[in-house]
Amino acid sequence: MGAFVPTEIQCVGIPAVFEGKSVVMSAQPNSGRTLAYLLPLVQLMRRGPKPKHPQAVVLCATEELSDEVFHMAKFISSYAQLKSTKENGSPQKNLSNVPIGMIVGTPGEVLQHIEEGIVVLDEIKYLVLDEVDAMFGFGLGPDIQKIITPLRYHSSKSDDQGIQTILVTSTIAKILGKGLSPFLERLEHDQAGQIAAMLLEVDKTEAYHLTESLDALKKKVAEAIISLNPTGSES
């Protein structure tokens with residue numbers, strides 16, 4: 001894909017997702033945010049037996065983003081399958097038809113898939129909200145909750161450890177707005193540079209809470225920034 005050196009968000013995001021952690025990721029556009037969660041997710045899903053239904057749901061803010069994420073996931077999955085068949089000496093198949101094990105779409109599209117039975121909630125292990133702050137800005141909060149609420153219910157009834165949730169946001173400055181910009185400016189000044197990426201580890205229950213509103217997400221990010229800037233409260 002022409003990427004030889006991981007970006008900042010990939011350096012912190014790939015290992016965290018691969019270790020099964022629920023996280024909040026924040027980075028600039030075109031910083032490799034999508035690969036930061038897709039690469040480890042594809043590898044995680046290849047560990048076990050192939051399921052009959054998708055194991056991952058990726059919610060995207062726009063149809064354009066969902067198309068981009070889907071084609072990237074398809075490319076990664078096809079490459080992984082090709083590499084596996086070559087190493088095992090198996091006959092190569094038409095990899096364009098190999099399922100990727102995830103549903104990618106806007107909240108409205110994914111809701112339709114759920115209603116059609118394409119998505120079986122009991123089998124979902126991974127949930128991604130890409131550009132979650134933009135989704136709230138577009139008024140998609142109610143649709144998100146229509147998906148999250150039954151997922152949370154089914155997860156609570158199962159014997160596994162819950163759904164791994166990945167929340168991808170735009171830059172920290174955009175999330176926080178003008179209210180907390182002095183804290184961010186002081187932190188960047190003290191660290192002699194702009195913050196290129198942020199990753200917050202959250203437990204699975206808290207991850208559900210952060211999908212309830214943009215205010216909940218802002219509060220979590222603000223707390224993280226303030227905790228890194230202890231002198232900011234005195235200024």
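The values are calculated or read from the model by the stated rules, or taken from the named source; none is laboratory data. Model, not experiment: these values are computed from the prediction. Methodologically, a virtual Cβ is constructed for each residue, glycine included, from the backbone with ideal geometry; neighbour enumeration extends over all protein chains shown. What goes into the accessible areas is simple: the full protein's heavy atoms, side chains included, and nothing from ligands, DNA or RNA. Shrake-Rupley method; radii C 1.70, N 1.55, O 1.52, S 1.80 Å.
Summary of values
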| item | result |
| --- | --- |
| Under the Karplus curve 6.51 cos²θ - 1.76 cosθ + 1.60, θ = phi - 60°, whole-Hz ³J(HN,Hα) for the stretch 129-139, x wherever Gly or Pro sits | 10, 8, 6, 4, 5, 5, 4, 4, x, 7, x |
| Geometric extent, Cα atoms of the stretch 36-81 - Rg, Dmax (angstrom) | 11.1, 31 |
| Solvent-accessible area of VAL17 with every protein chain in place, 1.4 Å probe, in Å² to the nearest 10 | 0 |
| For ASP143, solvent-accessible area (1.4 Å; no DNA, RNA or ligand), Å² | 40 |
| Nearest-10 value in Å² for the accessible area of SER66, using the 1.4 Å probe | 10 |
| Restraint check, LYS125/LYS157; LYS74/LYS157; LYS174/LYS219; LYS50/LYS204; LYS125/LYS204; LYS174/LYS218, Cα-Cα greater than 21 Å | LYS74/LYS157; LYS50/LYS204 |
| Between the stretch 134-171 and the stretch 19-57, the alpha-carbon center distance in angstrom | 15 |
| Accessible heavy-atom area order of TYR153, TYR208, highest first, probe of 1.4 Å | TYR153, TYR208 |
| Where chymotrypsin sites (Phe, Trp or Tyr not before Pro) fall in DSSP loop in the stretch 1-38, at most 11 other Cβ within 10 Å | PHE4 |
